[in-house]
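J.: Can you keep this structure in mind? I'll have questions shortly.
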Number of protein chains: 2
Amino acid sequence: MKIFGIDPGSERTGYGCVERSGSRHHLVLCGSLAAPAAATFPERLQHIHKGLVGLLAECRPDCVVVESIFHAKNVRSALKLAHARGIALLAASEAGLCVHEYAPAEIKRAVVGYGRAEKAQVGQMVKLLLGLDAVPAPHDVADALAIAICHLHNSTGAVAETVARHRAPRGTVRSWREFRPS
Amino acid sequence: MKIFGIDPGSERTGYGCVERSGSRHHLVLCGSLAAPAAATFPERLQHIHKGLVGLLAECRPDCVVVESIFHAKNVRSALKLAHARGIALLAASEAGLCVHEYAPAEIKRAVVGYGRAEKAQVGQMVKLLLGLDAVPAPHDVADALAIAICHLHNSTGAVAETVARHRAPRGTVRSWREFRPS
C-alpha cells in the first residue's frame with residue numbers, strides 16, 4: 001500500500017510518499033515544491049499543479065491524503081492555503097486517485113500519540129517511524145509524511161501498536177494520548 | 001478588448017466574456033459549470049478546471065477577472081470557494097493570461113454605482129449594459145459578467161460615463177455613488 005501525503009501551501013507545498021511492507025513503513029520519496037519568489041499567485045498555483053501531476057505519475061500511489069482545513073484560526077492565510085489545496089485535490093482527481101482527509105489533531109494523534117503535539121515532535125516521530133537519519137526539512141515535508149503515515153495507521157488500525165512500540169520507559173504509566181517522544 | 005469574468009464556486013462556477021467595441025460592451029458568451037450532483041469535491045474541481053480550460057481556449061480573452069475573497073463573512077463556505085477560485089486562477093495561468101481582482105463592493109460600485117447594491121440590482125444593470133433581453137441566470141452568471149464589466153470600466157475610466165448615461169431623471173441631484181437602477 002503506497003500513500004501520497006500533501007501539505008499544500010501557496011509558498012511551499014510539501015509532499016511525501018510512504019509505502020507499507022508488512023508491519024513496517026518506508027519512505028518512497030519526499031520533498032517540497034516552491035515557485036520562484038517573483039512568481040505571481042496564479043503562477044505559483046500552476047507550479048504546484050505541474051509538480052504534483054508529475055510526482056503522482058512517477059509514484060503511482062494508491063491514494064492521496066491531505067489535512068482538512070475547516071478548523072482555520074487565521075482566516076486570511078487559510079484562504080490562501082485553500083487555493084493550493086484545491087490544486088492538490090485537482091491533481092489527485094486528474095490522476096484518478098481517491099482523496100482522504102484528516103484533521104490536524106487526528107494526524108498528530110496517529111503519529112505522535114497526542115493531538116496537540118508540537119511540530120518538532122511530529123518531525124521526530126516521522127524520522128523514527130521511517131528509520132531516517134534526520135528529521136525531514138522543511139517542516140512541510142515532515143507534515144506531508146505525517147499525513148501519509150496517519151492514513152497508513154488509520155487504514156490498518158495500527159495506531160495503538162505503533163505507539164506501544166515507542167512507549168514511555170518501563171515502570172511509568174501513561175495513556176497513549178499522553179505519549180510524547182523524548 | 002475582451003474580458004473573461006469568473007465567479008467561482010464548488011457547486012457552480014459562473015463565467016462571462018464581454019468585449020468592448022468603441023464605447024459599447026457586448027456579450028461574447030456566458031454560462032455556468034456544474035458537476036453532476038454525485039461528484040466528489042475533487043471531481044467537482046476537475047470539472048471546473050476542464051470547463052474553464054476549454055472556454056479560455058475558445059474565447060481567447062485578453063485577461064481574466066475574479067472577485068477577491070479576503071473579506072469573507074462565512075469562513076467555511078469561503079474556504080470551499082477558495083478551492084474553486086484556485087482552480088480558476090490555475091486555468092488562467094495555464095492559458096498565459098493575467099488575472100485582475102476586485103473586491104465585491106468595487107464590482108457593485110462599477111456596475112450599479114453603489115457598493116452595497118443587491119444581487120437583483122447587479123443583474124438588472126448587467127442586462128441593461130449588455131443590451132440583453134433578460135437578466136442572466138443563475139446569479140453566478142450575472143456576477144461573472146458584472147466582474148468583467150467592472151474591469152472594462154476600470155481599465156478605461158468609463159465608470160462615471162456609464163453611470164451618467166443611466167442616471168436619475170433630470171432635475172434630481174444624486175452623486176454617482178447613490179445611483180441605483182429603477
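J.: Would you check if there is a residue in the stretch A:127-137 being away from chain B (no Cβ under 14 Å), assigned to a helix (DSSP H, G or I), open to solvent by 40 Å² or more (accessible area, probe 1.4 Å) and modelled with pLDDT of 95 or more?
T.: First, the residues of the stretch A:127-137 that are away from chain B (no Cβ under 14 Å): A:127-137.
Applying the additional criterion that residues be assigned to a helix (DSSP H, G or I) yields A:127-130.
Add one more test, that the residue is open to solvent by 40 Å² or more (accessible area, probe 1.4 Å), and what stays is A:127-128.
Going one step further and asking which of them are modelled with pLDDT of 95 or more, we end up with A:127-128.
Checking the stretch A:127-137: at least one residue is away from chain B (no Cβ under 14 Å), assigned to a helix (DSSP H, G or I), open to solvent by 40 Å² or more (accessible area, probe 1.4 Å) and modelled with pLDDT of 95 or more.
J.: Another question, if that's okay. Can you confirm whether the stretch A:41-54 contains a residue that is more than 14 Å from every other protein chain (Cβ to nearest Cβ), at negative phi and either surrounded by fewer than 22 Cβ atoms within 10 Å (Cβ to Cβ) or not in a helix (DSSP H, G or I) (or both)? If you could, list the steps in order and put the result at the bottom.
T.: Within the stretch A:41-54, the subset more than 14 Å from every other protein chain (Cβ to nearest Cβ) is A:54.
Checking which are at negative phi leaves us with A:54.
Next, only the ones that are either surrounded by fewer than 22 Cβ atoms within 10 Å (Cβ to Cβ) or not in a helix (DSSP H, G or I) (or both) stay: A:54.
Scanning the stretch A:41-54 turns up at least one residue that is more than 14 Å from every other protein chain (Cβ to nearest Cβ), at negative phi and either surrounded by fewer than 22 Cβ atoms within 10 Å (Cβ to Cβ) or not in a helix (DSSP H, G or I) (or both).
J.: Does A:Glu58 satisfy the condition of being among the charged types (D, E, K, R) and within 23 Å of B:Lys50 (Cα to Cα)?
T.: Yes; evaluated as a whole, the condition is true for this residue.
J.: Could you check how many residues of the stretch A:28-40 are away from chain B (no Cβ under 14 Å), part of a loop (DSSP other than H, G, I, E, B) and surrounded by 18 or more Cβ atoms within 10 Å (Cβ to Cβ)?
T.: 1
J.: Might you check whether a residue that is facing another protein chain (nearest Cβ under 9 Å) and either closer than 19 Å to B:Ser10 by Cα or in contact with a Pro (Cβ under 9 Å, 6 or more places away or on another chain) (or both) occurs anywhere in the stretch A:98-119? Steps first, please.
T.: Of all residues in the stretch A:98-119, those facing another protein chain (nearest Cβ under 9 Å) come to A:98-99.
From what's left, either closer than 19 Å to B:Ser10 by Cα or in contact with a Pro (Cβ under 9 Å, 6 or more places away or on another chain) (or both): A:98-99.
Checked the stretch A:98-119: at least one residue is facing another protein chain (nearest Cβ under 9 Å) and either closer than 19 Å to B:Ser10 by Cα or in contact with a Pro (Cβ under 9 Å, 6 or more places away or on another chain) (or both).
J.: Of the residues B:Gly9, B:Gly31, B:Gly22, B:Gly14, only one is over 20 Å from A:Gln46 (Cβ atoms) and touching a Ser or Thr at 6+ places or on another chain (Cβ under 6 Å); which?
T.: Values: B:Gly9 fails: touching a Ser or Thr at 6+ places or on another chain (Cβ under 6 Å); B:Gly31 fails: touching a Ser or Thr at 6+ places or on another chain (Cβ under 6 Å); B:Gly22 fails: touching a Ser or Thr at 6+ places or on another chain (Cβ under 6 Å).
Exactly one residue qualifies, and that residue is B:Gly14.
J.: List every residue pair whose Cβ atoms lie under 6 Å apart, where the two residues are 6 or more positions apart in sequence or sit on different chains, the first residue falls within the stretch B:72-92 and is on the phi > 0 side of the Ramachandran plot and more than 8 Å from every other protein chain (Cβ to nearest Cβ), and the second residue, located anywhere, is in a loop (DSSP other than H, G, I, E, B) and open to solvent by less than 10 Å² (accessible area, probe 1.4 Å).
T.: Qualifying pairs under 6 Å: none.
J.: State the number of residues belonging to the stretch B:55-68 that are assigned to a loop (DSSP other than H, G, I, E, B) and crowded, with 20+ Cβ neighbours inside 10 Å. Spell out the reasoning first.
T.: Keep residues of the stretch B:55-68 that are assigned to a loop (DSSP other than H, G, I, E, B), which gives B:60-62, B:68.
With the extra rule that they be crowded, with 20+ Cβ neighbours inside 10 Å, the set shrinks to B:61.
Adding up the residues that qualify gives 1.
J.: For the subset of the stretch A:55-71 comprising residues that are out of contact with any Phe, Trp or Tyr (no Cβ under 6 Å at 6 or more places or on another chain) and among the β-branched types (Val, Ile, Thr), which member is farthest from the other protein chains (Cβ to nearest Cβ)?
T.: A:Val65
J.: Still on this structure: Filter the stretch B:56-81 down to the residues that are small (Gly, Ala, Ser) and modelled with pLDDT of 95 or more and list them by number. Write out each step before concluding.
T.: As a first pass, look at the stretch B:56-81 and keep what is small (Gly, Ala, Ser): B:57, B:68, B:72, B:77-78.
Passing the criteria: only B:Ala57.
J.: Any residue at all in the stretch A:5-19 that is charged (D, E, K, R) and touching a Pro at 6+ places or on another chain (Cβ under 9 Å)?
T.: Start the filter on the stretch A:5-19 by keeping residues that are charged (D, E, K, R), which leaves A:7, A:11-12, A:19.
Now narrow it down to the ones that are touching a Pro at 6+ places or on another chain (Cβ under 9 Å): A:12, A:19.
Looking for residues that are charged (D, E, K, R) and touching a Pro at 6+ places or on another chain (Cβ under 9 Å), one finds at least one in the stretch A:5-19, hence yes.
J.: Just one of (1) in contact (Cβ under 8 Å) with a residue 40 or more places away in the chain; (2) touching a Leu at 6+ places or on another chain (Cβ under 9 Å); (3) under 22 Å from B:Gly123 (Cα atoms); (4) within 14 Å of another protein chain (Cβ to nearest Cβ) trips up B:His25, so point out which.
T.: (4)
J.: Being within 28 Å of B:Glu67 (Cα to Cα) and surrounded by fewer than 23 Cβ atoms within 10 Å (Cβ to Cβ) is the filter here; which residues of the stretch A:80-98 pass it?
T.: Narrowing the stretch A:80-98 to residues within 28 Å of B:Glu67 (Cα to Cα): A:80-94.
Hits for the stretch A:80-98 are A:Lys80, A:Ser93, A:Glu94.
J.: So, B:Ala88, is that one part of a helix (DSSP H, G or I) and either within 19 Å of A:Ala84 (Cβ to Cβ) or polar (S, T, N, Q) (or both) or not? Please lay out each step first, then the result.
T.: On the way: part of a helix (DSSP H, G or I): yes; either within 19 Å of A:Ala84 (Cβ to Cβ) or polar (S, T, N, Q) (or both): yes.
Yes.
J.: Taking the stretch A:28-47 on its own, how many of its residues are more than 22 Å from A:Ile149 (Cα to Cα) and in contact (Cβ under 8 Å) with a residue 24 or more places away in the chain? Walk me through how you get there before you give the answer.
T.: Kept after step one, since they are more than 22 Å from A:Ile149 (Cα to Cα), are these residues of the stretch A:28-47: A:34-47.
Checking the rest, the ones that are also in contact (Cβ under 8 Å) with a residue 24 or more places away in the chain come to A:41, A:44-45.
The total comes to 3.
J.: Another question, then. Can B:Ser10 be described as crowded, with 17+ Cβ neighbours inside 10 Å, within 14 Å of chain A (Cβ to nearest Cβ), in contact (Cβ under 8 Å) with a residue 40 or more places away in the chain and of a type in the set (Gly, Ala, Ser)?
T.: Details: crowded, with 17+ Cβ neighbours inside 10 Å: yes; within 14 Å of chain A (Cβ to nearest Cβ): yes; in contact (Cβ under 8 Å) with a residue 40 or more places away in the chain: yes; of a type in the set (Gly, Ala, Ser): yes.
It is true that B:Ser10 is crowded, with 17+ Cβ neighbours inside 10 Å, within 14 Å of chain A (Cβ to nearest Cβ), in contact (Cβ under 8 Å) with a residue 40 or more places away in the chain and of a type in the set (Gly, Ala, Ser).
The values are calculated or read from the model by the stated rules, or taken from the named source; none is laboratory data. Just so you know, these numbers come straight off a predicted model, no measurement behind them. With ideal geometry, Cβ positions are generated from the backbone for all residues, glycine too; neighbour counts draw on all protein chains shown. Remember, those area values only see protein heavy atoms, side chains included, never the ligands or the DNA or RNA. Shrake-Rupley method; radii C 1.70, N 1.55, O 1.52, S 1.80 Å.
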